[in-house]
Amino acid sequence: MKMKKIMATVTATVLAASLLATGCGDGNKKSSSNGGDDSLSGTITFAIWDNNLNDFIESNDMIGKFQEKYPDIDIEVEKIKDDSEYWNTMKMRASANQLPDVMFNKTFTLSRFKDYLLDLSDTEAAKNNELADGYKVDGKILGIPMTSGYEYVYYWKDMFKEAGVEVPTTWSEFEEVSKTLQDYYGKDNSDFMAIACGLKDEWPDYPYMEFMPALESGNGQNWNDMATQDEPFAEGTDINKAYNKVNELFTSGVLGKDPLGLGNDQAISLFSSKNAAMIALGDWGLQNIQNQATDTSELGTFYLPTRDTESDPYNVIVQGDSFMGVTTHSKNPEAAKAFVEWFYSEDWYPDYLDYITSASSMKNFPKEKDPILAEADDLCPDKQLVMYDGGGDDFTAIQNETTFDYKKLGAEMLTDGFDLDSTFADLNEKWTAARQKLDIK
């Protein structure tokens with residue numbers, strides 16, 4: 001008789017579902033009729049924090065479907081409240097040699113847990129994943145990203161046409177198009193923003209302040225590289241060049257009369273009502289726009305063109321998300337690997353893809369983009385994907401010590417008296433001192 005059970009742990013609120021199989025003592029194991037391996041048995045724990053994934057797991061009987069192929073492997077799904085508690089919990093459990101068999105990581109935590117994760121390079125899931133190889137740590141694939149995320153500039157095609165501008169393909173063109181749009185529509189609409197950006201919330205400048213240093217030379221590891229440098233903001237560095245571009249754009253008037261007085265919701269609302277011509281958001285932003293705009297037939301997308309000339313690579317940020325890995329603490333590593341393989345197989349992954357809005361990370365299970373998002377790919381067939389890493393522990397430690405907040409810095413560019421060169425000099429001084437204090441090499 002199989003049953004489900006719910007349990008709680010001391011460190012987190014845990015939803016555990018375990019189906020207890022009978023007949024585990026049968027010594028004559030065979031391959032199951034639907035492709036599984038009856039020789040694998042035991043219990044594996046699978047820790048998550050994602051509410052959407054948890055809802056899908058529960059409503060689609062993940063454990064029951066997995067046990068159709070692997071009847072003697074029990075699964076306990078541990079649902080931890082949120083990502084903050086998840087990382088605190090995993091840190092404690094790593095020290096106590098009690099990590100779950102299967103855990104998720106982010107780009108910036110792979111290196112943190114690298115000593116506790118098995119190499120999955122030989123799995124079919126890793127081989128079929130578009131991004132896993134780009135996130136290797138010390139030559140090993142320690143996690144297989146479940147989804148991939150892209151960033152877009154959303155724009156109104158009819159507004160571009162009326163103003164006589166075309167989709168830009170270089171940074172200077174992007175600046176020029178922005179200024180032309182601001183002049184054209186701003187003369188009759190004092191609230192108009194060529195580029196909608198709610199800097200009252202600070203974080204909405206992330207497409208520029210977070211990603212542009214990585215886009216500058218196609219280095220998705222830029223934050224980690226900065227942790228090894230005493231003066232990463234010096235003239236000629238990627239972040240120096242990128243932030244000079246952003247500062248010039250933000251202070252040119254193309255963000256309207258009061259970007260610091262608007263939050264993100266207000267900026268999206270202005271764009272949706274065509275009081276702005278462009279807005280930079282991730283793929284998640286499409287649904288927000290569609291929910292507010294009365295008509296999206298003229299809505300289009302392109303990738304932020306940060307390159308200097310058309311002969312330079314057209315770098316485009318892509319992020320792997322939710323990297324599934326098997327820990328060294330697993331007492332049943334082969335069973336855990338079998339679960340990972342199954343998760344990314346036709347028995348489970350395609351249905352999960354249909355449930356979420358994010359893009360597929362698997363080459364063998366492509367997901368057709370929404371036509372609005374697909375326009376960016378049509379406009380940029382030669383794009384170069386930059387695998388973005390959000391920065392490891394060394395970078396985070398220095399960032400905390402120096403109070404360097406790139407999103408806040410973007411908003412500060414709009415304040416009176418802001419001077420970028422003096423800000424760079426101050427940051428370099430603090431960065432050098434922080435590396436020495438923290439003994440980061």
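Of all residues in the range 216-244 being among the hydrophobic types (A, V, I, L, M, F, W, C) and more than 17 Å from M413 (Cβ to Cβ), which is surrounded by the fewest Cβ atoms within 10 Å (Cβ to Cβ)?
Restricting to residues being among the hydrophobic types (A, V, I, L, M, F, W, C) and more than 17 Å from M413 (Cβ to Cβ), the top hit is A234.
Which of the residues that make up the range 427-441 are open to solvent by 60 Å² or more (accessible area, probe 1.4 Å) and either under 30 Å from the mean Cα position of the chain (by Cα) or at pLDDT below 95 (or both)?
K430, L438, D439, K441
I'd like the residue in the range 268-283 that is closer than 21 Å to P305 by Cβ and within 24 Å of the chain's Cα centre (by Cα) and, out of all such residues, is modelled with the lowest pLDDT.
D283
Step by step: first the residues of the range 70-82, then only those that are within 22 Å of F339 (Cα to Cα) and not in a strand (DSSP E or B), then the one that is nearest to the chain's Cα centre (by Cα). Which residue is that?
I80
Take G164 and tell me if it is free of Cβ contacts under 8 Å to residues at least 12 places away in the same chain and small (G, A, S).
So G164 fails the test.
Which of the residues belonging to the range 163-194 are of a type in the set (V, I, T) and within 14 Å of I279 (Cα to Cα)?
V167, V177
Could you tell me which residue of the range 362-401 is modelled with the highest pLDDT, considering only residues that are β-branched (V, I, T) and within 19 Å of the chain's Cα centre (by Cα)?
Checked the range 362-401; the qualifying residue modelled with the highest pLDDT is V386.
Based on this model, can you work out whether K331 counts as part of a loop (DSSP other than H, G, I, E, B), open to solvent by 10 Å² or more (accessible area, probe 1.4 Å) and either of a type in the set (S, T, N, Q) or under 30 Å from L120 (Cβ atoms) (or both)?
Answer is yes for this residue.
Is it the case, given these coordinates, that K274 is in contact (Cβ under 8 Å) with a residue 40 or more places away in the chain, touching a strand residue (DSSP E or B) at 6+ places or on another chain (Cβ under 7 Å), not aliphatic (A, V, I, L, M) and not in a loop (DSSP other than H, G, I, E, B)?
Criteria not met by K274.
Every residue, every condition in (1) closer than 29 Å to G218 by Cβ; (2) in contact (Cβ under 8 Å) with a residue 40 or more places away in the chain; (3) not in a loop (DSSP other than H, G, I, E, B), yes or no:
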residue	(1), (2), (3)
A242	yes, yes, yes
E248	yes, yes, yes
L270	no, yes, yes
I279	yes, yes, yes
Q290	no, no, yes
E310	yes, yes, no
P313	yes, yes, no
Q319	yes, yes, yes
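Of these, D394, D389, D378, D354, which one is within 27 Å of G220 (Cα to Cα) and free of Cβ contacts under 8 Å to residues at least 24 places away in the same chain?
D378
On the basis of being among the charged types (D, E, K, R), open to solvent by 60 Å² or more (accessible area, probe 1.4 Å) and modelled with pLDDT under 95, does D419 make the cut?
no
Let's see how each residue does on (1) of a type in the set (D, E, K, R); (2) open to solvent by 40 Å² or more (accessible area, probe 1.4 Å); (3) in contact with a Pro (Cβ under 6 Å, 6 or more places away or on another chain):
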{"position": "E162", "(1), (2), (3)": "yes, yes, no"}
{"position": "E173", "(1), (2), (3)": "yes, yes, no"}
{"position": "E176", "(1), (2), (3)": "yes, yes, no"}
{"position": "T180", "(1), (2), (3)": "no, yes, no"}
{"position": "G186", "(1), (2), (3)": "no, no, no"}
{"position": "W203", "(1), (2), (3)": "no, yes, no"}
{"position": "Y208", "(1), (2), (3)": "no, no, no"}
{"position": "F211", "(1), (2), (3)": "no, no, no"}
{"position": "A214", "(1), (2), (3)": "no, no, no"}
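Return the residue satisfying two criteria in turn: it lies in the range 121-148 and is assigned to a strand (DSSP E or B) and aliphatic (A, V, I, L, M), and of such residues it is most open to solvent (accessible area, probe 1.4 Å).
This residue is V137.
Quick one: which residue in D115, D188 is part of a loop (DSSP other than H, G, I, E, B), over 24 Å from D283 (Cα atoms) and among the acidic types (D, E)?
D188
Taking the condition over 23 Å from the mean Cα position of the chain (by Cα), modelled with pLDDT of 90 or more and open to solvent by less than 20 Å² (accessible area, probe 1.4 Å), does F404 pass?
In short, no.
Yes or no: the range 235-243 includes at least one residue that is among the basic types (K, R), out of contact with any His (no Cβ under 8 Å at 6 or more places or on another chain) and closer than 25 Å to G392 by Cα.
Yes - at least one qualifying residue is present in the range 235-243.
What's the number of the only condition in (1) farther than 17 Å from S358 by Cα; (2) open to solvent by 10 Å² or more (accessible area, probe 1.4 Å); (3) part of a strand (DSSP E or B) that T296 fails to meet?
Unmet for T296, out of (1) farther than 17 Å from S358 by Cα; (2) open to solvent by 10 Å² or more (accessible area, probe 1.4 Å); (3) part of a strand (DSSP E or B): (3).
If we keep just the residues of the range 71-90 that are buried (at least 22 other Cβ atoms within 10 Å of the Cβ) and of a type in the set (S, T, Y), which is nearest to W348 (Cα to Cα)?
Among them, the one singled out is Y86.
The values are calculated or read from the model by the stated rules, or taken from the named source; none is laboratory data. Owing to the predicted nature of the structure, the values given are computational and were not obtained by experimental measurement. Quick reminder, even Gly has a Cβ in these numbers, built from the backbone with ideal geometry, and neighbours come from all protein chains shown. Each accessible area value is taken on the protein alone, full model and side chains, heavy atoms only, with ligands, DNA and RNA left out. Shrake-Rupley method; radii C 1.70, N 1.55, O 1.52, S 1.80 Å.
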